[in-house]
Amino acid sequence: MTDYVSIERAGATAVVTIDNPPVNALHPDVADAIASAVSTVDKDTDYRSMILTGKGRCFVAGGDIKYFTSIDRRGAAEMALRVQEMQERIFSLRVPVIAALNGHALGGGLELLLSCDFTMASSAAKIGMTEVSLGLIPGAGGTQMLFTALPAGTAKRLLFTGDRLTAEEAQRIGLIDSVHEPDQLLAAALTVCERINKSGPLAVEAAKRSANYRLRHSLDEGHRREVEIFSALFDTEDHREGITAFLEGRVPAYRRR
């Protein structure tokens, strides 16, 4: 699709691959390319899920250090906002997004996976908020999003130390969902997507909207929003098809209507 990102169709799943050798550094232009790919997926209603992965030995090894040397305070703010905008597109994308960590996710790479719905990782991956080792802090939401994924003390430990976790360690603390052999990762992610793709597409999209709403609002507000989203599905053909297929003992034929 661009020099930095490609999209491949695997049935109803979009496989979006970051390709900015040697380590897939997150230059702002790479962030823009990811955002463009996400918009393409969002507009194509044949897609029911998306996998975000990287080419080579890294998912994203962090920000582009060379680029850092060319910017001042204002440039740093502009860069962070561009990356945040891209991550917001992933977070609010119509369909679920699985981060498939083919390799290391450090600094901005960890911020990127936190914007996805859940993460599956290669056993070779290392994961960490490493910015303090460069005299910086995360600038694209890391000091905020990490607290939705981890207990406060664990999140602060990772932020203050810059520790790099193995994939198994990251799974133990709940930062990633599952760990796979490197040559089996993409197949495992596609298998999960196949299960998502068989579900009612409007229902899956509604489930993501409702879950994401809770991440940014109180429990009481989340309950009220859930009722609105839940009840609206009763007006859809897909809901009626799902119920009818269940009663008739057959596979539903959803049409996203």
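Could you size up the charge dipole of segment 87-193 around its Cα centre, putting +1 on the beta carbon of Lys and Arg and -1 on that of Asp and Glu, and report it in debye to the nearest 20?
Numbers: 7 positive and 10 negative charges, 47 e Å.
The dipole of segment 87-193 has a size of about 220 debye.
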| query | Any idea which of Ala12, Pro28, Val83 is furthest toward the positive side of the dipole for segment 1-136, if Lys and Arg beta-carbons carry +1 and Asp and Glu beta-carbons -1? | reply | Ala12
| So for segment 186-250, taking the charge dipole from beta-carbon charges (+1 Lys/Arg, -1 Asp/Glu), which of Ser199, Phe234, Ala245 sits furthest toward the positive end? | Ser199
| request: With a/c under 1.5 counting as rounded, go ahead and sort segment 1-143 into rounded, prolate or oblate using the C-alpha gyration tensor (a ≥ b ≥ c being the square roots of the eigenvalues; past the cut-off, prolate if a/b is larger than b/c, else oblate). | output: prolate
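Report, in debye and to the nearest 20, how large the dipole of segment 192-249 comes out about its Cα centre when Lys and Arg carry +1 and Asp and Glu carry -1 on their Cβ. Provide the component values of the computation, followed by the final result.
On the way: 9 positive and 11 negative charges, 68 e Å.
Using only the charged Cβ atoms, the result is roughly 320 debye.
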| query | Using unit Cβ charges (K, R positive; D, E negative) and no other charged atoms, how large, in debye to the nearest 20, is the dipole of the chain about its Cα centre? | reply | 240
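Net charge within 13 Å of Phe234 by Cβ-Cβ distance, Lys/Arg positive one each and Asp/Glu negative one each, not counting Phe234 itself? Provide the component values of the computation, followed by the final result.
Values: positive: Arg240; negative: Glu228, Asp235, Glu237, Asp238, Glu241.
Once positives and negatives cancel, what remains is -4.
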| request: With an 8 Å cut-off on Cα pairs and a minimum separation of 6 or more residues, tell me the relative contact order of the chain in percent. | output: 16
| query | Taking the simple approach of a point 7 Å from Cα along Cα-to-Cβ for both Arg250 and Arg73, what is their distance in nm? | reply | 6.8
| message | As an exercise, identify the trypsin sites (Lys or Arg not before Pro) in segment 1-90 lying in DSSP coil whose Cβ has no more than 15 other Cβ atoms within 10 Å. | response | none
| task | Determine the sum of side-chain charges near Ser122: Lys and Arg each +1, Asp and Glu each -1, restricted to other residues whose C-beta is under 15 angstrom from that of Ser122. | result | -1
| field | segment 1-42-segment 127-170 distance, computed between alpha-carbon centres (Å) | value | 24
| query | Of (1) 42, 18, 16; (2) 42, 24, 14; (3) 33, 20, 18, which is the value of semi-axes √(5λ) of the Cα gyration tensor in Å derived from the coordinates here? | reply | (3)
| field | Local electrostatic count at His104 - Lys and Arg +1, Asp and Glu -1, tallied over other residues with Cβ under 10 Å | value | +3
| query | segment 181-252: which trypsin sites (Lys or Arg not before Pro) are DSSP loop and have at most 15 other beta-carbon atoms within 10 angstrom? | reply | Arg250
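Bear in mind these aren't lab numbers, they're just calculated from the coordinates by the rules spelled out. Because the structure is a prediction, the values reported are computed rather than measured. Methodologically, a virtual Cβ is constructed for each residue, glycine included, from the backbone with ideal geometry; neighbour enumeration extends over all protein chains shown.
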